[in-house]
Structures are given as structure tokens and as C-alpha cells.
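*Asks:* So that we are looking at the same thing, I have put the structure below in C-alpha cells.
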Amino acid sequence: MKKIILFSSLLLVGCGSISRGCAKYFGYDEVCVDGVKYIQFTSGASVKYNPDGTVATCR
């Protein structure tokens, strides 16, 4: 039930707030911006890297 309430409340707030809310609940959230994958934390974001050191891409 708590997950449903959290998910519903996150839908009602701004775009960046959703990722920060998920990061607060789950520890981090992955976001795709202009074909680059970022990891969103509650205090900021960082580019996600693949195990071989290249930047992770997305669609």
C-alpha cells in the first residue's frame, strides 16, 4: 500500500522531483537525457558508465 501511495504522489510532482523521490526511496534512479544515461541521487546526478569505462547510452 505504501508503494501505491508513494507512486501516486510522485506522479503529481515535477519531472525532476520524481527521480529524486525514487532515489530517496530506492537509493538511486536511472534517467535518460539526450541519449545519455544518468544516475540520479537525492543530492545530485552523475553520468552512468559501462564496465569498460564508456558512457552508457539509451534511447
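*Asks:* What order do you get for 46-57, 24-35 when each peptide is scored by the mean count of other beta carbon atoms within 10 Å, highest first?
*Replies:* 24-35, 46-57
*Asks:* Where Lys and Arg each count +1 and Asp and Glu each count -1, what net charge lies around N50 among other residues with Cβ under 15 Å from its Cβ?
*Replies:* Charge balance in the 15 Å sphere: 0.
Quick note: the coordinates plus some simple rules give every number you see, no bench work behind them. Since this is a predicted model, take the numbers as computed values, not measurements. Quick reminder, even Gly has a Cβ in these numbers, built from the backbone with ideal geometry, and neighbours come from all protein chains shown.
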